[in-house]
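The next block holds one structure in the form of structure tokens; read it before the comments.
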């Protein structure tokens, strides 16, 4: 039973590796994640702010993972172009876009005041 759990974590990490290796957007998410975490450390976010930042990062990564899985399954089910397969891929990509836009808005709400104070302190 324990080895089965360990194996399933291995499969999950393998899937994440496949996503990062095959999806350019995952690299963009990785850079954005690093920048946001460094900014959070720089501005010494509160625990509530960290919770919101971690939640938004998690949502974007989960949406990207689901989008990637759907793309692979769609390519398997419909190797040739099909308009419904294209719609499915576009809608899944739209889901990632929704989470990314929401994350940017939350980032502005959280980091905006810190950046404004920092700019005012420097002038």
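FYI, it's all coordinate maths here, none of it is from the lab. Quick caveat: nothing in here was measured; it's all calculated off a predicted structure. Ideal geometry is used to build each Cβ from the backbone, glycine not excepted, and the neighbour counts take in all protein chains shown.
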Response to the item:
In a Gaussian network model of the chain with springs linking alpha carbons closer than 10 Å, the residue among 60, 96, 36 that fluctuates most is 36
Worksheet, complete the sentence: the chain, Gaussian network, Cα under 10 Å: of 39, 93, 12, the residue fluctuating most is 12
Worksheet item: Looking only at 17, 107, 94, which one moves most when the chain is put into a Gaussian network model with springs between Cα atoms under 10 Å?
Response: 17
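Which order do 13, 43, 111 fall in if you start with the one that has the fewest other Cβ atoms within 10 Å?
Details: 13 10, 43 16, 111 19.
The order, fewest Cβ neighbours first, is 13, 43, 111.
Among 116-123, 26-33, what's the highest-first ranking by average C-beta atoms within 10 angstrom per residue?
Most protected by this proxy first, the peptides run 26-33, 116-123.
Determine the calculated [θ] at 222 nm for the chain from helices alone, applying -39500 (n - 2.57) to every DSSP H run no shorter than 4 residues and normalising by the residue count; nearest 500 deg cm²/dmol. List each step's numbers first, then the result.
Details: 4 runs with 112 residues, N = 123.
Roughly -32500 deg cm²/dmol at 222 nm, from the helical runs in the chain.
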Discussion item. Checking the a/c ratio against 1.5 first, then a/b against b/c, what shape does the Cα gyration tensor give for segment 1-71?
Written reply: oblate
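If you take the square roots of the eigenvalues of the alpha-carbon gyration tensor of the chain and sort them as a ≥ b ≥ c, do you get rounded (a/c under 1.5), prolate (a/b over b/c) or oblate? Before the final figure, lay out each step's value.
Working: a/c = 3.04, a/b = 1.68, b/c = 1.82.
Cα axes put the chain in the oblate bin.
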Worksheet, complete the sentence: Going fewest to most other Cβ atoms within 10 Å around each Cβ, 70, 2 line up as 2, 70
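Report the extension gain between residue 41 and residue 114 in nm, rounded to one decimal, defined as 0.36 nm multiplied by the number of residues separating them, less their alpha carbon distance.
25.1 nm
With r defined as the distance between the Cβ atoms of residue 81 and residue 20 and R0 fixed at 30 Å, what FRET efficiency is calculated, to the nearest 0.05? Show your work: numbers first, answer last.
Numbers: r = 27 Å, r/R0 = 0.89.
Plugging the Cβ-Cβ distance into 1/(1 + (r/R0)^6) gives 0.65.
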